[in-house]
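Heads up: the structure comes next, in structure tokens.
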Amino acid sequence: MQSIGAVAALVAGLAIPAAAATGAMPVAQQNALVEKYCAVCHNDANKTGGLSLENFDAAHPDPSVVAMMVSKLKDGAFGASGVPLPDRTTQDALLSALSAEAAGASEWTVNRTQDPEAPILTASILREILSTANAGEPNVYRLALTCRVDTREAEMQLAWAPGDVPGSGGTMSAAGDGKAPLSRAASTTSPDRSSFVIGSRSPG
Ligand code: HEC
């Protein structure tokens, strides 16, 4: 009986997910926290700041999105929802789990997803530039390209955090396929000030 018990314990030990074994916050808990504290604003319907975290899954993270989230969390995003904050240990555990998932953000991540309507191709990459306003913490910029494979409609989004850049007055423009460039002025006062979107993703 004793040896069967020992084998059972060994099997149970092997079954512990890697995250639990290394002490990292379990994926389900990360997802639940993001849902509770972030998706109230960053949902598919509102896309506040040009970002939806409604279907965030820490098991399959886009490293560049996660890197932006880390920057925003360090900048106090937890408090944005108005819901009472989780304890410090929980906040730190989420920050450390997300920081690990952000590995590889400075390389292109390319994904093909099957939207209910059409295949969508996305590519995203992150760049960090040291902040002059906030010593030690870099400003992070995320470029995301989204293309509907069937209609070839595309969207280009540049987002940044923590948001002390750029000043208003600048313009971002982009041209594709030899067409006239599309431009958008930078504004530090618009509610979406942390991102630009150029182009249109869907016909309506
Ligand atoms: C009360 C609404 C609200 C909540 C809750 C909220 N945010 Fe935001 N978030 C915004 C707004 C508004 C912007 C755009 C303006 C700015 O950057 O301050 C933004 C911008 C961002 C951006 C930059 C935009 C981009 O495309 O990358 C990130 C990243 C982000 N939030 C992450 C988070 C995370 C992570 C949480 C949860 C811990 C969170 N936010 C909770 C309102 C919210």
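Quick note: the coordinates plus some simple rules give every number you see, no bench work behind them. Since the structure is predicted, the reported quantities are computational estimates derived from the model, not experimental observations. Cβ coordinates were reconstructed from backbone atoms using ideal geometry, including for glycine residues, and neighbour counts include every protein chain displayed.
If amide hydrogens are placed 1.01 Å from N in the peptide plane, which non-local residues have theirs closer than 5 Å to the one on A58?
Here the answer is N31, since their amide H atoms fall under 5 Å of that of A58.
Would you list which lysines come within 22 Å of K47, measuring only between C-alpha atoms, while excluding same-chain residues fewer than 8 positions from it?
Output for K47: K36, K72, K74.
Between A174 and R88, how high is the FRET efficiency from 1/(1 + (r/R0)^6) when r is the Cβ-Cβ distance and R₀ = 41 Å? Nearest 0.05.
Calculated value: 0.45.
Round to a whole angstrom and tell me the spacing of the C-alpha centers of region 44-61 and region 75-139.
Their Cα centres are 10 Å away from one another.
For Cα pairs less than 8 Å apart in space and 6+ apart in sequence, what is the mean separation divided by the residue count of region 25-136, i.e. the relative contact order in percent?
On the way: 114 pairs, mean separation 26.4, N = 112.
It rounds to 24 percent for region 25-136.
Could you line up V40, V149, V66 from fewest to most neighbouring Cβ atoms inside 10 Å?
V149, V40, V66
7 Å from Cα along Cα→Cβ at both K74 and S131: what's the point-to-point distance in nm?
If labels sit at K74 and S131, their model points lie 0.8 nm apart.
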